[in-house]
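In what follows, a structure is listed as structure tokens, so that the remarks can point back to it.
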Amino acid sequence: MTFDNFNIPKSNFSFQETNSRFFKALTETIPHILYVADLDLKIIYINQYQPGYTEANVIGNQIFTFISPEYVDLYKTKIQEVLKTGKPLSFELMGASGNNSQGKAWYKTSISAIKQHNNTITNLLFISEDITAHKLNEAKLIDSTEKLKAIFNNTSDYICSIDKDFKLMEFNKSFIKAVKLGYAIEPIFGMPILDVIDPAKHKHLTAIYIKVLQGKIHSEIEAFEPAGFSTVYFESNYHPILNSNNEISGINIFSKNITKRILNENSLKETLKEKESLLSEIHHRIKNNLTIISSILQLQELNIENNEAKAALKQSIKRIKSAALIHELFYKSTLLSSINLNKYICELFDLLKIDSNFILELSGDEIKLDISQAMPIGLIINELMTNSFKHSYNNAKKGKITMRFALNESATTISYCDCAGSFPENIDFDNSTSTGLTLIHTFVKQLDGTIKLTERIPPKYVISLPKF
């Protein structure tokens, strides 16, 4: 019933005088429109009215005078039903309104029979409640629910929820499609979820469900093997469902088919494995080729009588061996992309030292090098150690080389010291034309670094390089 087009004035009515004042006071406090009609359906009391209406033009008039014509027949039907059964009933009506963006107003009307002590109906009580706000909120909720439902059913992810007995409470279209395709089963509400899952997975999934029902969130990648199909991989997430009392009432399950991603990852892993194998083989062959060259030069050395030429050849052989050692460490490395500088220097020292009485001490940070860094640094250290054994110690029976590595935010520093040697006074370290020192300065420059001879006795060098 709508009351947008009329107002009803208040009036006294001829009910029992002892209850009249109490009834009037009570009804005037309620927010709904309340009116009483006699059996001729004439209004004999109203609790509130709208502007423009008075007692004179409301009291004594039939209720149909104030009801929109399209609802008169409905009212007559409902009134007859109440008069016949004596039982109250309610119904909702919609009309036009300019008070909201919808342009509509909703009312809930209740009709009740007023009876005497002998159960005879004497009057009818009408209560009209404005439920527009409720209806508008309900419409918003329905709209929001429909949007969520659309998202729920249009996603390609598989979504379902189960209760504490592992029975299906909700599921989306993708879940239905997947179950039908994989197991030829039509999922229905209340069905145990394990009925639509490979029995081989039951024990594992049951353990997950129990854990989630204890309040834990679980995520994992699962593999399923539907009959007649290749293995399918899912990334699944399990979350506990909390009811209004903050108690766990079930589990939400979200699964995403990541089969394509897994297959691509496996393919990439195989490709990477092949490339690593190939790279290892390349390092191994380069090392072998350098070893062959070194062996050829050693044979050539046997046929040379000139001492200077023989010494130069020996030095070249050591440089080739130091380069071969780098490739050997690379193909033995599990990473293949880098080697440990500390380990390399230890093996290089063992390769170059002239006596077991010479020792090497390393300290500081551990440094990893790629092939572009390892080769020049390896050859720099090779020349420094060669100079230590050949010139600095000057035929000494024992000696010690110390090296310290320091890494900071902007640079890598390598400190090198011949602890019992000396650097010749007649040699200008920065401007020498010797092959060894020329190579040292060339490789340091190649790495965009610097090298300084900080002390001559004992010789101490500091190499500063950009951060690796």
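Going by the alpha-carbon gyration tensor, a ≥ b ≥ c the square roots of its eigenvalues, is segment 155-257 rounded (a/c under 1.5) or, if a/c is not under 1.5, prolate (a/b greater than b/c) versus oblate? Taking the square roots of the gyration eigenvalues as a ≥ b ≥ c, segment 155-257 is prolate.
Taking amide H as placed 1.01 Å from N in the peptide plane, the amide H of Ser249 sits under 5 Å from that of Ile241, Leu242, Asn243, each at least 5 places away or on another chain. Let me test this: with uniform point scatterers at the alpha carbons of segment 53-97, what is the Debye-based log₁₀ I(q)/I(0) at q = 0.19, 0.32 1/Å? For segment 53-97 at q = 0.19, 0.32 Å⁻¹, log10 I(q)/I(0) is -0.76, -1.11.
Modelled spin-label separation between Ser144 and Asn340, with each label point placed 7 Å from Cα along the Cα-to-Cβ direction: 6.0 nm. Are any of the pairs Lys76/Lys140; Lys368/Lys398; Lys332/Lys467; Lys287/Lys400 more than 27 Å apart by Cα-Cα distance, and if so, which? Pairs exceeding 27 Å: Lys76/Lys140; Lys368/Lys398; Lys287/Lys400. Full extension of the segment from His218 to Lys332, taken as 0.36 nm per residue of separation minus the current Cα-Cα distance, would add 37.1 nm. Taken about its Cα centre, segment 338-468 carries a charge dipole of roughly 220 debye when the Cβ of each Lys and Arg holds +1 and the Cβ of each Asp and Glu holds -1.
Evaluated with a Cβ-only charge set (Lys, Arg +1; Asp, Glu -1), the chain carries a dipole of roughly 580 debye about its Cα centre, given to the nearest 20. Taking the DSSP bridge list for the chain and keeping only pairs wholly inside it, about 90 percent are antiparallel. Applying the Karplus relation 6.51 cos²θ - 1.76 cosθ + 1.60 with θ = phi - 60° to segment 368-385 yields 3J(HN,Hα) values of 9, 10, 8, 5, 5, 8, 5, 5, x, 5, x, 6, 5, 5, 4, 5, 5, 5 Hz, where x marks Gly and Pro.
Compactness of the chain, taken as the C-alpha radius of gyration over 2.2 N^0.38 Å, stands at 2.09. Normalising the average separation of contacting C-alpha pairs (under 8 angstrom, six or more residues apart) by the number of residues puts the relative contact order of the chain at 7 percent. Here segment 269-337 is treated as an ellipsoid with the same Cα gyration tensor; its semi-axes, largest first and in whole Å, are 34, 10, 5.
Net length available on complete extension from His117 to His202 is 23.8 nm, with 0.36 nm assigned per residue and the Cα-Cα distance removed. Over segment 30-123, the Kirkwood radius and the radius of gyration, each from Cα atoms, give a ratio Rg/Rh of 0.98. With the highest mean first, a sort of the peptides 167-180, 53-66 on other beta-carbon atoms found within 10 angstrom per residue produces 167-180, 53-66. The residue list Gln50, Thr291, Thr206 was ranked by how far each Cα lies along the charge dipole of the chain toward its positive end, using unit charges on Cβ atoms, and Thr291 comes out on top.
Multiplying the sequence separation of Thr450 and Gln298 by 0.36 nm and subtracting their Cα-Cα distance, what value in nm do you get? Intermediate values should be presented prior to the final figure.
Values: separation 152, 0.36 × 152 = 54.72 nm, distance 3.38 nm.
So the chain would gain 51.3 nm between Thr450 and Gln298.
Since only Ser464, Ile251, Met385 are under comparison, the one whose Cα sits farthest along the positive direction of the charge dipole of the chain, derived from C-beta charges on Lys, Arg, Asp and Glu, is Met385. Applying 1/(1 + (r/R0)^6) with R0 = 60 Å to the Cβ-Cβ distance of Lys310 and Lys167 gives a FRET efficiency near 0.10.
Phi angles across segment 254-267 convert, under the Karplus curve 6.51 cos²θ - 1.76 cosθ + 1.60 with θ = phi - 60°, into 3J(HN,Hα) values of 10, 10, 10, 6, 10, 4, 4, 5, 5, 4, 5, 4, 5, 5 Hz, Gly and Pro given as x. In a reduced charge model with +1 at each Lys and Arg Cβ and -1 at each Asp and Glu Cβ, segment 155-257 shows a dipole moment near 40 debye about its Cα centre.
Values in this text are rule-based calculations from the coordinates and carry no lab data. Owing to the predicted nature of the structure, the values given are computational and were not obtained by experimental measurement. Glycine gets a Cβ as well: all are built from the backbone with ideal geometry, and neighbour counts include every protein chain shown.
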